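Here's the structure we're looking at; comments come further down.
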Amino acid sequence: MPTSDASVTPGLLSRLSTMAANLVKVTTTKAPIGQTPRQAIWTLNKATLFRYTPVVPAEKRHPVPLLLVFALMNKSAILDLRPGNSFVEFLLQKGYDVYLLDWGTPGPEDAQLGLGDYALEYMPRAIRKLKSFSGSDQFNLLGWCIGAMLCTLYSSLRPSEGLKSLILLTAPLDFTEHDKISLAKMTEERYLDVDLVLQVYGNMPAGLIDYGAKMLKPVENFVGGYTRLFDNLDNTKVVDSWHAMNTWVSDAIPLAGAAYRQFIVDLYRGNKLVKGTLIVRGERVDLKQLRASLLNVIGEDDHITPPCQSENLLDLVGSTDKEILRLPGGHIGLMAGSGAYKVAWPKIDAWLSQRSS
Amino acid sequence: MSSETSKGLLERVRGMRDSMMEDLAKVTLAWTSSDGFQTINAVISKPTLLTAAIFRKATESAMADVLAKLNLPSREDVLALSQRLTRIEMALDDVGAGMDQLRRSSQQQRPAPRERENHGGGRPGKSPTVKEG
């Protein structure tokens, strides 16, 4: 059938060439992520405080600046994944003065850094700089994953430093329901010798953390992602999105040894934060001291930090203005998935804008 | 027509693959969250880690000897130096913040330009405006 061949062949060829180009792209390059213009205004050791260049005139901007704090073992670029799918970009367009505390990559010399160092040495200094740079005595804080846990520690231990409101995203705080937390089993004392791991590596290697997280859903993580890519190889938009996420996922960083040890021993095994027995740099963390306005965002399908790890938080804190927001989505997809800009971001903006003036 | 048939076939194959993967995911998840899997992980990883720890200790001690003989700083010395530098950085950060605060409070205490002019304090030919960085 010569006529049908003539109509099919050019289309097929173009499709095949798109697929080949996309395949080469994802296998040989890293996607450009974290592209929103920003300026480093403070550094300490590996940590850097960035201020994103505002896109809204000063008179239309919210006067209270917002500080973003991400987890310790992944890069913060997930907050600014790529143009058109960037939470930072969204916040800037909504008129927020956005700052980001990037923890950097710990080296062997940082193995002694504990949660207290991050929450009580680095965060207060970065916040001091933020306040002096922005000229505002008040600020809002948004923490994600371990970043949310650090923000909780900071907010409970330094409640009078100008914190106006706190947003916690997928925060691993409560370890009471041990059986519902997949990572908790993996980190039980009989299966994991934390001290031996740290004796060998100093810091918790990124590869081991990644392995642990991926083994929570092995087929989805090791196979599912690639079949999704293969199915959409001729769709450049989907491939670009996959490529950006894959670039971020494959670029994990080690977790400082002492912080990892505390996280496993004091929190996963001891559940000390909720029990009120957690001591950080000699200070007991009392969640009742957390008095800032609080929004606790939970991903209904989060398998890394399941809802039970923070859904009872509102009963434990001292805040009077507090709210829980349950959203569809997983640990990362909740905020960086393709639907985040329609669901999670507007809801966070709606809550935050009322507390940013 | 043939393209539609092949499309339909492809969809069927995909559907079968997806349902197979779904089943496999359930089975694998049940296995990876079981005590058996965690025990195997621990049984494999513990001797590996122990061997690595012994090897690391031996190489570190040999390296420390070599470096000491060459009159070079050891790994511990370099790590300690780095930690000390971070502490110095923190101290400098505190000093910088203190100076910032002093500068701001001295600017606040300084009389406003109009006030200075009224009291004859304005310097002719110079703008009394204080510019903040």
Problem set entry | Selection count, segment A:89-125, where residues are buried (at least 24 other Cβ atoms within 10 Å of the Cβ) and hydrophobic (A, V, I, L, M, F, W, C) | 9
Exercise. Only one of A:Ile181, A:Ile167 is within 13 Å of chain B (Cβ to nearest Cβ), within 23 Å of the chain's Cα centre (by Cα) and surrounded by 20 or more Cβ atoms within 10 Å (Cβ to Cβ); which?
Worked result: A:Ile181
Exercise. Before we move on, is A:Tyr191 within 11 Å of chain B (Cβ to nearest Cβ) and either more than 20 Å from the chain's Cα centre (by Cα) or in contact (Cβ under 8 Å) with a residue 12 or more places away in the chain (or both)?
Worked result: yes
Problem set entry | Checking A:Thr227 against (1) among the β-branched types (Val, Ile, Thr); (2) more than 29 Å from B:Arg14 (Cβ to Cβ); (3) within 12 Å of chain B (Cβ to nearest Cβ), the condition it does not meet | (2)
Problem set entry | Which numbered condition A:Ser356 fails, given (1) surrounded by fewer than 20 Cβ atoms within 10 Å (Cβ to Cβ); (2) more than 16 Å from the chain's Cα centre (by Cα); (3) touching a residue at least 40 places away in the same chain (Cβ under 8 Å); (4) part of a loop (DSSP other than H, G, I, E, B) | (1)
Problem set entry | Filtered residue count, segment A:306-346, keeping only those that are free of Cβ contacts under 8 Å to residues at least 24 places away in the same chain and closer than 30 Å to A:Thr247 by Cβ | 6
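For every residue, the table says whether it meets (1) over 18 Å from the mean Cα position of the chain (by Cα); (2) under 18 Å from A:Cys145 (Cα atoms).
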site	(1), (2)
A:Met73	no, yes
A:Arg82	no, no
A:Leu91	no, no
A:Asp102	no, yes
A:Gly107	yes, no
Seminar exercise, completed: Within segment B:75-113, the residues that are under 16 Å from A:Gly107 (Cα atoms) and not hydrophobic (A, V, I, L, M, F, W, C) are B:Arg75, B:Glu76, B:Asp77, B:Ser82, B:Gln83, B:Arg84, B:Thr86, B:Arg87
Exercise. With respect to the numbered conditions (1) more than 7 Å from chain A (Cβ to nearest Cβ); (2) under 25 Å from A:Lys180 (Cβ atoms), which one is the sole condition not fulfilled by B:Leu24?
Worked result: (1)
Problem set entry | Unmet requirement for A:Gly207, which otherwise passes all of (1) assigned to a helix (DSSP H, G or I); (2) within 14 Å of chain B (Cβ to nearest Cβ); (3) crowded, with 19+ Cβ neighbours inside 10 Å | (3)
For this session: Assess whether A:Thr48 counts as being more than 30 Å from A:Lys237 (Cα to Cα), of a type in the set (Ser, Thr, Tyr) and either at pLDDT below 95 or not in a loop (DSSP other than H, G, I, E, B) (or both).
Result: yes
For this session: Please go through segment B:29-72 and pick out each residue that is in a loop (DSSP other than H, G, I, E, B) and either surrounded by fewer than 13 Cβ atoms within 10 Å (Cβ to Cβ) or in contact (Cβ under 8 Å) with a residue 24 or more places away in the chain (or both).
Result: B:Ser34, B:Leu70, B:Asn71, B:Leu72
Exercise. Right, B:Gly121: modelled with pLDDT under 95 and in a loop (DSSP other than H, G, I, E, B) or not?
Worked result: yes
Exercise. So which of A:Asp321, A:Asp301, A:Asp286, A:Asp266 is acidic (Asp, Glu) and at pLDDT below 95?
Worked result: A:Asp301
For this session: Tell me which residues, restricted to segment A:120-149, are among the aromatic types (Phe, Trp, Tyr), more than 12 Å from chain B (Cβ to nearest Cβ) and over 16 Å from the mean Cα position of the chain (by Cα).
Result: A:Phe139
Exercise. Can you name the number of the only condition in (1) under 30 Å from A:Arg158 (Cα atoms); (2) away from chain B (no Cβ under 14 Å); (3) touching a helix residue (DSSP H, G or I) at 6+ places or on another chain (Cβ under 8 Å); (4) not hydroxyl-bearing (Ser, Thr, Tyr) that A:Ala256 fails?
Worked result: (2)
Problem set entry | Selection count, segment A:70-109, where residues are over 20 Å from A:Asp210 (Cα atoms) and in contact (Cβ under 8 Å) with a residue 24 or more places away in the chain | 20
For this session: Inspect all residues belonging to segment B:84-92 and state whether any of them is at the interface with chain A (Cβ under 8 Å from one of its Cβ atoms), without any contact (Cβ under 8 Å) to a residue 24 or more places away in the chain, under 30 Å from A:Leu183 (Cα atoms) and in a helix (DSSP H, G or I).
Result: no
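The values are calculated or read from the model by the stated rules, or taken from the named source; none is laboratory data. Because the structure is predicted, anything quoted here is derived from the model rather than measured. Neighbour counts are summed over all protein chains in view; Cβ atoms, including those assigned to glycine, are modelled from backbone coordinates with ideal geometry.
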